[in-house]
Amino acid sequence: MEAIEHPPIFRLPGIPDHVTYTWLVMIILAGLTFVASRHLQLVPRGLQNFLEVVLEQFQQMIDDVMGPEGRRYLPLIATLGLFILTSNLNTNAACALVVFIAYHWIGVRKQGLIPYLKHFAGPVPLALKPLMFVIEIISHLARPLSLTLRLFGNMVGGHILLAVIFLLMGLDGLIGWALSGSVAGAIIGGIGGLVTIVFTVGFLYPLKILVAFLQAFIFVMLTMLYISGAIEESEHHSEQHSGHH
């Protein structure tokens with residue numbers, strides 16, 4: 001990738017590029033939040049109005065998937081969604097591990113450690129509970145891997161496609177051919193370069209933006225489903241406990 005991809009606009013000595021840009025995204029999001037909330041108004045305008053609309057969309061999704069009980073997790077879910085949407089991610093595993101730890105922590109807090117571990121065995125006969133427990137553990141361990149690879153594959157796939165197009169279009173490709181001085185190069189290279197530019201700007205970039213929105217939406221949706229699963233297990237356990245009494 002580094003051989004054909006354009007280098008970052010700026011670098012900090014001794015700091016990996018993805019860490020630098022993670023900090024940059026964090027600073028931008030924190031700065032926007034600070035500016036929008038510095039002078040809150042009853043009738044929002046400008047940046048405050050825009051961010052309130054964004055948060056209302058997150059809240060609506062939470063209500064649809066998790067119910068009112070899920071609103072307390074709005075800061076976690078909205079932060080993940082906005083961070084993924086605005087980042088050129090190389091921190092996929094970190095986001096996935098945050099989700100993995102968070103929803104298990106929520107489940108343990110809701111039920112207690114032992115009851116939470118018991119639900120991994122599922123409603124099966126006693127002889128099958130050890131097998132079911134192992135299967136569930138493997139299933140849960142696969143979740144952060146799935147979240148990581150989904151983000152990685154879609155984002156890197158788009159980068160590779162753009163990098164290849166830029167390589168074909170550069171001074172060693174169509175544009176270089178168009179500037180070579182030959183008539184065939186000027187015609188074929190010029191037309192090919194122009195078509196490639198229009199295709200990239202008019203189709204590939206909007207497609208990448210759409211993919212970014214979809215990946216953020218899918219990641220947020222899966223996060224809500226995982227947390228919702230932990231909450232529902234807690235409510236189910238509470239109902240069973242009340243029924244026994």
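The values are calculated or read from the model by the stated rules, or taken from the named source; none is laboratory data. Predicted, not measured: the structure shown is a model, and the values here were computed from it. Note that we place each Cβ from the backbone using ideal geometry, even for glycine, and neighbour counts take in every protein chain shown. For accessibility, only protein heavy atoms count, side chains too; no ligands or nucleic acids. Shrake-Rupley method; radii C 1.70, N 1.55, O 1.52, S 1.80 Å.
So the values come out like this:
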| read-out | value |
| --- | --- |
| Residues Val198 and Phe152, FRET efficiency given R0 of 30 Å [Cβ-Cβ distance, rounded to 0.05] | 0.55 |
| C-alpha center-to-center spacing [segment 131-151, segment 23-81] in angstrom | 30 |
| Dipole in debye (nearest 20) - segment 18-167, about Cα centre, beta carbon charges: Lys, Arg +1; Asp, Glu -1 | 320 |
| Highest average packing first - 120-126, 58-64, Cβ atoms within 10 Å | 58-64, 120-126 |
| Fraction of accessible area attributable to carbon and sulfur, segment 86-148 (%, probe 1.4 Å) | 76 |
| Accessible surface, per residue, of segment 138-235 when the full set of protein chains is kept, probe 1.4 Å, Å² | 55 |
| Fraction of accessible area attributable to carbon and sulfur, segment 159-228 (%, probe 1.4 Å) | 86 |
| Listed peptides 128-140, 95-107, 206-218 by packing density, highest first (mean Cβ within 10 Å) | 95-107, 206-218, 128-140 |
| Partners for Lys129 among lysines (Cα-Cα distance below 17 Å; same-chain residues under 8 apart left out) | Lys118 |
| Accessible surface, segment 83-131, averaged per residue in Å² (probe 1.4 Å) | 57 |
| Calculated P(r) of the chain - Cα pairs past 28 Å, % | 52 |
